[in-house]
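Let me begin by presenting the structure, written as structure tokens, before commenting on it.
The values are calculated or read from the model by the stated rules, or taken from the named source; none is laboratory data. Because the structure is predicted, anything quoted here is derived from the model rather than measured. FYI the Cβ positions are ideal-geometry reconstructions off the backbone, even for glycines, and counts take in every protein chain you see. The protein model used for the area step is the full one, side chains on, heavy atoms only, and it has no ligands, DNA or RNA in it. Shrake-Rupley method; radii C 1.70, N 1.55, O 1.52, S 1.80 Å.
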Amino acid sequence: MVGTASFVKKLGNSIMKVSESKSSSWWYNHHMRAASRAIFERIPLVDLVLEVRDARIPLSSEYAQLRNFPSSSKNIIVLNKMDLASRSKTKEWMTYFKELNYTPYAINSHNKDNIKEFLNFLQARIRDIRRATHSSNTQTTTIMVVGIPNVGKSAFANSLHQIGRISAAEKGKLKHATVSPHPGETKNITSYKIASNPNIYILDTPGILPPEILDAQLSSKLALTGGFVDSLVDQSMLGQYFLSILNFSDEYKKWDNVSTMDEKENQIMNDHTQDCVVQSVRGALFQEIASFKGNMEDEKDMVQLIEAQFTTLRKAFNVSLDSFEDANSVVATKLINLYRTGRLGHYTLDTLPRSCEY
């Protein structure tokens, strides 16, 4: 889309500079390098690999290191955070991966019923592998969970461990992987038991990025979905990029009847996650887009719309800083938080290859 291209270029180029210069201690640091080597050495030794991807970016969140191990029969692509993505697009991506002979599975790591279903699917898959290889059904199975930062690997591992232990009626203290909204919190490979009779263990691994990312669009999508620490990214740029996506989507049309708060109500609400504030934000965005008379495919018109949206959002979020830049940064941070938690709609940022559209 022409209207989003300038935001992608500006945001993506700023991130690529960090990647190229290695100016951040977070980017492919010694923890990532060491973990990358350890994962590379262990993948041939495990029975299955669960590659966790973000359902909003099914291609952009690929774990590139798996390209060195092309056995699709051993790998399962887990599309996590399905609750944040477009449901119809996720179904299309599932079909796409199946046609490439991969095994995809869409999940929400925080949904217990979803995790139970996946655990049953996983145990059935292991039984099939045992039959095909004439292995003993009592043999211990080891599964490695891999992925880039912040796709939800540790939350996924915790849920499997918790549900698996409960299902097996096992006693003892539960282990917990470190879960954080910030990428790169997992530093070591850790084992968790998820089933008994036969025993199944999963290995939770640190999120690994490539040493360099030289694609502006890929960088922008990873930044928006939380694949980088936010200190690497200009929040105002990120907010502009999200608004350019929202403006082209149909999500805002669902907010037609949403009302905004009056000025007195707005002044006492400082928590942007409160339902009434979220509703006010939705209503403000709808009004700006619905009243827009320009051409969204025109870069100048899109910039004008986004500037108007930031002005309206400062009121909706009750941001009253004197500095224009500081106010926009605060607005953008709150806006991105609402997007990442699904409060502003469901978006799939990656598009299917044209020859594979369903």
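Filtering segment 19-32 down to residues that are within 21 Å of Leu218 (Cα to Cα), more than 21 Å from the chain's Cα centre (by Cα) and part of a helix (DSSP H, G or I), which residue is modelled with the highest pLDDT?
Among those residues, the one meeting the criterion is Glu20.
As an exercise: evaluate Asn328 against (1) more than 30 Å from the chain's Cα centre (by Cα); (2) at pLDDT 85 or above and give the number of the one condition it does not meet.
Only one criterion is unmet by Asn328, namely (1).
Within segment 128-166, can you find the residues that are in a helix (DSSP H, G or I), within 23 Å of Pro58 (Cβ to Cβ) and aliphatic (A, V, I, L, M)?
Correct list: Ala155, Ala157, Leu160.
Ser244 fails exactly one of the following numbered conditions: (1) under 30 Å from Ser19 (Cα atoms); (2) modelled with pLDDT of 85 or more; (3) open to solvent by 80 Å² or more (accessible area, probe 1.4 Å). What is the number of that condition?
Among (1) under 30 Å from Ser19 (Cα atoms); (2) modelled with pLDDT of 85 or more; (3) open to solvent by 80 Å² or more (accessible area, probe 1.4 Å), the lone unmet condition for Ser244 is (3).
Can you report the number of residues in segment 189-240 which are over 20 Å from Asn328 (Cα atoms), charged (D, E, K, R) and in a loop (DSSP other than H, G, I, E, B)? Show your work before the answer.
To start, the set of residues in segment 189-240 that are over 20 Å from Asn328 (Cα atoms) comprises 189-219, 221-222, 227-228.
Within this subset, residues satisfying the condition of being charged (D, E, K, R) are 193, 204, 212, 215, 221.
Keeping just the survivors that are in a loop (DSSP other than H, G, I, E, B) gives 212, 215.
The number of residues fulfilling the criteria is 2.
For segment 295-346, enumerate the residues that are open to solvent by 40 Å² or more (accessible area, probe 1.4 Å), assigned to a loop (DSSP other than H, G, I, E, B) and either in contact with a strand residue (DSSP E or B) (Cβ under 9 Å, 6 or more places away or on another chain) or more than 25 Å from Arg56 (Cβ to Cβ) (or both).
Asn295, Asp298, Asn318, Ser320, Leu321, Asp322, Ser323
Hey, can you tell me all the residues within segment 131-149 that are closer than 27 Å to Gln65 by Cβ and either over 21 Å from the mean Cα position of the chain (by Cα) or open to solvent by 30 Å² or more (accessible area, probe 1.4 Å) (or both)? Outline the logic, then answer.
Filtering segment 131-149 down to residues closer than 27 Å to Gln65 by Cβ leaves 132-133, 135, 139-149.
Selection gives Ala132, Thr133, Ser135, Gln139, Thr140, Thr141, Thr142, Ile143.
So in segment 247-258, with the set limited to residues that are hydrophobic (A, V, I, L, M, F, W, C) and either part of a helix (DSSP H, G or I) or touching a strand residue (DSSP E or B) at 6+ places or on another chain (Cβ under 9 Å) (or both), which one is surrounded by the most Cβ atoms within 10 Å (Cβ to Cβ)? Break it down stepwise before answering.
So in segment 247-258, the residues hydrophobic (A, V, I, L, M, F, W, C) come out as 248, 255, 258.
In the following step, the residues that additionally are either part of a helix (DSSP H, G or I) or touching a strand residue (DSSP E or B) at 6+ places or on another chain (Cβ under 9 Å) (or both) were identified as 248, 255.
Values: Phe248: 16, Trp255: 20.
Taking the candidates together, the pick is Trp255.
Name every residue in segment 183-215 that is buried (at least 19 other Cβ atoms within 10 Å of the Cβ), more than 26 Å from Ile126 (Cα to Cα) and either modelled with pLDDT of 90 or more or basic (Lys, Arg) (or both), in order of residue number.
If the condition is that a residue be buried (at least 19 other Cβ atoms within 10 Å of the Cβ), more than 26 Å from Ile126 (Cα to Cα) and either modelled with pLDDT of 90 or more or basic (Lys, Arg) (or both), then no residue fits.
For Asp47, all conditions in the list (1) farther than 18 Å from Val145 by Cβ; (2) modelled with pLDDT of 90 or more hold save one; what is the number of the exception?
Unmet for Asp47, out of (1) farther than 18 Å from Val145 by Cβ; (2) modelled with pLDDT of 90 or more: (1).
Among the residues of segment 299-324, which ones are under 12 Å from Gly239 (Cβ atoms) and in contact with a Ser or Thr (Cβ under 9 Å, 6 or more places away or on another chain)?
Once the filter is applied, which keeps residues that are under 12 Å from Gly239 (Cβ atoms) and in contact with a Ser or Thr (Cβ under 9 Å, 6 or more places away or on another chain), segment 299-324 yields Ile306, Phe310, Arg314, Phe317.
Would you mention how many residues in segment 43-59 are in a strand (DSSP E or B) and within 13 Å of Leu203 (Cα to Cα)? Steps first, please.
Residues of segment 43-59 in a strand (DSSP E or B): 48-54.
Adding the requirement that they be within 13 Å of Leu203 (Cα to Cα) leaves 48-52.
Here the count works out to 5.
Quick one: which of Asn80, Asn75 is within 21 Å of the chain's Cα centre (by Cα) and modelled with pLDDT under 95?
On the way: Asn80 fails: modelled with pLDDT under 95.
When all the criteria are applied, what remains is Asn75.
Taking only segment 87-104 into account, find how many residues are surrounded by fewer than 20 Cβ atoms within 10 Å (Cβ to Cβ) and either among the basic types (Lys, Arg) or in contact with a His (Cβ under 7 Å, 6 or more places away or on another chain) (or both).
Total satisfying the criteria: 3.
Any idea how many residues of segment 284-300 are among the charged types (D, E, K, R), without any contact (Cβ under 8 Å) to a residue 60 or more places away in the chain and within 16 Å of Ser6 (Cβ to Cβ)?
Of the residues in segment 284-300, the ones among the charged types (D, E, K, R) are 288, 293, 297-300.
Imposing the further condition that a residue be without any contact (Cβ under 8 Å) to a residue 60 or more places away in the chain reduces the set to 288, 293, 300.
Next, only the ones that are within 16 Å of Ser6 (Cβ to Cβ) stay: 300.
Here the count works out to 1.
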